[in-house]
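The structure under discussion appears below in the form of structure tokens.
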Amino acid sequence: MPHPRSGPDALSGLPPLPMIETTTVPLNPVAGPARSAAGASRRFLLRHAAWPAVALLVASLATMAAGGDFWWADRLYAWQGARWAWQNAYLTEHLIHRFGRDASAAAWLGVLALWLGARLRPGRNEWRRPLGYLLLAVLISVGLVSGLKQLTGMDCPWDLQRYGGGHPFVGWLAARPAGLGRGRCFPAGHASAGYAWVALYFFFLAVRPRRRWLGLAIGLGSGLLFGFGQQLRGAHFLSHDVWSLAIAWFASLALYLATMARPAPAAAIGPRSRSVGR
């Protein structure tokens, strides 16, 4: 993933931002003229929290409960000649896995440089909060996935007897047999380095709302690339990537609501302030 120019001078090309309050979701509205703001907040939460939660439930049932994970992994495994032929391939291991991980880290460092530059340049004060949000959202998303990997104890496909490994399959909530050891494959850690950038959707929602779909495309595209590369290697099931995306999305949403979606003054509640809930 390309990353922004680093250094304090990297902000010289950033245009001044509009008032953040005109592009945020008006929370905790007052009675009377602010009723429309309450409706905008409900629509925002419905579209950004409720519907994604329903999508996560459906995807989890399809992949984990209905056998979608095995259906997809079986076909990838058979396509490679009943082995994980792409496990150590240059494209999947070095370019997508290692270089992709480094590119995501470099992008984060680039945002850090922009944030430091915003703190050093008084004329760019309005960029501090959005850039700080983006830094924290990416860091929290990756950290949550990494922490959960240590707790869930699920195996990678390449560890399972079904795909030439030595372990029987043990479900998420099932007790692992004594002496089997703990797996560290759920959720998908490498995919989270891409999906964490769905935070760009909320970053642009605050500073340039019309570009929020570009931000979402960057996060989804990176995560899909990283995730599919790992699935080809036998490192993850499809559900592992689904949960990495969900964690990144809801972590980014929660942080946005906590730090960026500030109450708008009643006079500012109008078509422009309500547009973000659409």
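Bear in mind that the values in this text are calculations on the coordinates, not laboratory data. From a predicted model like this one, the values you see are computed outputs, not experimental measurements. Note: ideal-geometry Cβ built from the backbone for every residue, glycine included; neighbour counts use all protein chains shown.
Quick notes on this one:
- In order along segment 143-160, the Karplus-derived 3J(HN,Hα) couplings, from 6.51 cos²θ - 1.76 cosθ + 1.60 at θ = phi - 60°, round to x, 5, 4, 4, x, 5, 4, 6, 9, 6, x, 8, 7, 7, x, 5, 7, 8 Hz, and Gly and Pro are given as x.
- Placed amide H near His167: partners under 5 Å, 5+ positions off or other chain: Leu160, Gln161
- Packing-based ranking, highest mean first, of 105-117, 74-86, 163-175 given that Cβ atoms within 10 Å are counted: 105-117, 74-86, 163-175
- In percent, rounded to a whole number, the relative contact order of segment 153-227 is 27, using alpha-carbon pairs under 8 Å and six or more apart.
- Amide H within-cut-off set for Met154, under 5 Å, with H built and near neighbours excluded: Gly183, Cys185, Phe186
- Between Gln87 and Arg121, residue separation times 0.36 nm minus the direct Cα-Cα distance comes to 7.5 nm.
- Projected-area average for segment 116-180 over all orientations - Cα convex hull basis, square nanometres: 6.8
- Couplings 3J(HN,Hα) for segment 196-206, derived from phi with the Karplus relation 6.51 cos²θ - 1.76 cosθ + 1.60 (θ = phi - 60°), are 4, 7, 5, 4, 4, 4, 6, 4, 5, 4, 7 Hz, where x marks Gly and Pro.
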